[in-house]
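J.: After the structure tokens below, expect a handful of questions from me.
The values are calculated or read from the model by the stated rules, or taken from the named source; none is laboratory data. All figures in this text were calculated on a predicted structure; none of them were measured in a lab. Every residue, glycine among them, receives a Cβ derived from its backbone with ideal geometry; neighbour counts consider all protein chains shown. Surface areas here come from the heavy atoms of the whole protein model, side chains and all, with no ligands, DNA or RNA. Shrake-Rupley method; radii C 1.70, N 1.55, O 1.52, S 1.80 Å.
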Amino acid sequence: MSDFLLLDGAPLPMVDPMVLRATSYGHFTSMQVRDGQVDGLDLHFERLDRSTREVFGRPLPEDRVRADLRAALDHAGTGDLSIRVNVFADDELHLLTRVGPPVAPGTRPLRLLAYQHERAVPHLKHTGTFDLTYYAHAAEQAGYDDAVFHTAAGELSEASIWNLCFARGPHLVFPKAPSLPGIRQQVLQRGLDDYAITPVPLAGLKTYDAAYLTNSIDPALPVASITTKDGTTTYEPHPASAAVLAKAYAAVPAQPIRSAETTS
């Protein structure tokens with residue numbers, strides 16, 4: 001007998017059960033594509049190869065990923081879309097590419113509720129995201145917009161689907177606690193003349209002028225407030241750091257999916 005799937009008791013003949021492996025054990029990367037270009041595309045390739053070597057013990061060549069990204073553009077018929085590439089394996093490596101419409105960055109500053117939580121193997125963008133969704137939903141049920149995490153020692157690390165960045169005047173600070181090295185964060189750091197990576201204790205939140213969230217969708221979404229067991233720290237709009245962020249991103253051009261070799 002072959003594997004098969006039922007949804008609410010009805011067969012799903014068009015879905016290969018093997019695809020479920022992409023959500024149970026594997027890793028992925030997500031990107032926003034605009035005019036066929038991606039911020040930090042080389043960093044996405046590096047992440048996928050490095051993670052595949054660690055998780056599955058074999059390389060994932062850039063050419064293979066780029067070919068699947070080109071196929072996504074061809075099938076979509078547009079250069080503006082969202083792409084998620086999942087890597088999973090049986091006897092061979094497989095890439096499951098999910099394509100959807102582009103997602104615009106948020107504009108409303110978010111109110112975050114802090115939880116003590118440290119993700120398993122946080123340096124990997126792996127498919128074990130139940131905990132992230134659980135805490136994000138818990139924060140929403142408590143009346144906040146999302147969750148932010150700190151270690152047992154009281155150091156902030158990351159938010160549910162974002163990296164964190166803090167500002168003192170025009171100077172930017174990234175938390176040192178273990179977290180996923182996000183692609184957009186790395187792009188931002190490429191464009192900065194100077195920045196610090198240092199512990200950000202909960203007790204020191206009020207010493208910062210601003211806080212931001214960054215991921216593939218939101219390059220610099222302001223944080224309105226962070227609530228901990230000891231109270232709430234609020235942040236007002238901060239033009240000095242916002243200008244530094246905008247300048248840093250402008251200094252790092254997006255990279256085309258269709259390289260010069262494939263378009264010539």
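J.: If residue 157 satisfies all but one of (1) in a loop (DSSP other than H, G, I, E, B); (2) of a type outside the set (A, V, I, L, M); (3) buried (at least 18 other Cβ atoms within 10 Å of the Cβ); (4) within 19 Å of the chain's Cα centre (by Cα), what's the number of the condition it fails?
T.: (1)
J.: Still on this structure: Of all residues in segment 227-253, which are of a type in the set (Lys, Arg) and within 11 Å of residue 192 (Cα to Cα)? Write out each step before concluding.
T.: Taking segment 227-253 first, the residues of a type in the set (Lys, Arg) are 229, 247.
Within segment 227-253, just 247 meets the criteria.
J.: Just the residues that are loosely packed, with under 15 Cβ neighbours inside 10 Å and assigned to a loop (DSSP other than H, G, I, E, B), please, taken from segment 94-131.
T.: 101, 102, 103, 104, 105, 106, 107, 108, 120, 121, 123
J.: Moving on. Name the pairs whose Cβ atoms lie under 6 Å apart, with the first residue in segment 169-180 and open to solvent by less than 20 Å² (accessible area, probe 1.4 Å), the second of a type in the set (Val, Ile, Thr) and in a loop (DSSP other than H, G, I, E, B), and 6 or more positions between them or separate chains?
T.: If the second residue must be of a type in the set (Val, Ile, Thr) and in a loop (DSSP other than H, G, I, E, B), the pairs left are 175/200; 177/151.
J.: Would you please list the contacts, defined by Cβ atoms under 8 Å and residues six or more apart or on different chains, that run from a residue in segment 92-109 that is closer than 21 Å to residue 74 by Cβ to a residue that is of a type in the set (Phe, Trp, Tyr)?
T.: 94/88; 96/88
J.: So if I check each of 19, 55, which one is touching a Gly at 6+ places or on another chain (Cβ under 8 Å) and of a type outside the set (Gly, Ala, Ser)? Full working, then the answer.
T.: On the way: 19 fails: touching a Gly at 6+ places or on another chain (Cβ under 8 Å).
It is 55.
J.: Just checking, how many residues over segment 138-188 are under 18 Å from residue 221 (Cβ atoms), out of contact with any helix residue (DSSP H, G or I) (no Cβ under 8 Å at 6 or more places or on another chain) and of a type outside the set (Asp, Glu)?
T.: From segment 138-188, those under 18 Å from residue 221 (Cβ atoms) are 139-140, 144-149, 156-167, 172-175, 179-180, 182-188; that's our starting set.
Narrowing the set further to residues that are out of contact with any helix residue (DSSP H, G or I) (no Cβ under 8 Å at 6 or more places or on another chain) leaves 139-140, 144, 148, 157-159, 162, 164, 166, 173, 175, 179-180, 182, 184-185.
From what is left, the residues that are of a type outside the set (Asp, Glu) are 139, 144, 148, 157, 159, 162, 164, 166, 173, 175, 179-180, 182, 184-185.
The number of residues fulfilling the criteria is 15.
J.: Where in segment 184-256 are there strands (runs of 3 or more DSSP E), lying fully within it, with 1 or more residues that are free of Cβ contacts under 8 Å to residues at least 24 places away in the same chain?
T.: Details: elements: 196-198, 210-214, 221-228, 231-234.
Correct list: 231-234.
J.: Taking the options 20, 12, 48, 43, name whichever one is aliphatic (A, V, I, L, M), within 16 Å of the chain's Cα centre (by Cα) and open to solvent by 10 Å² or more (accessible area, probe 1.4 Å). Write out each step before concluding.
T.: Numbers: 20 fails: within 16 Å of the chain's Cα centre (by Cα); 12 fails: within 16 Å of the chain's Cα centre (by Cα); 48 fails: open to solvent by 10 Å² or more (accessible area, probe 1.4 Å).
Matching residue, one of 20, 12, 48, 43: 43.
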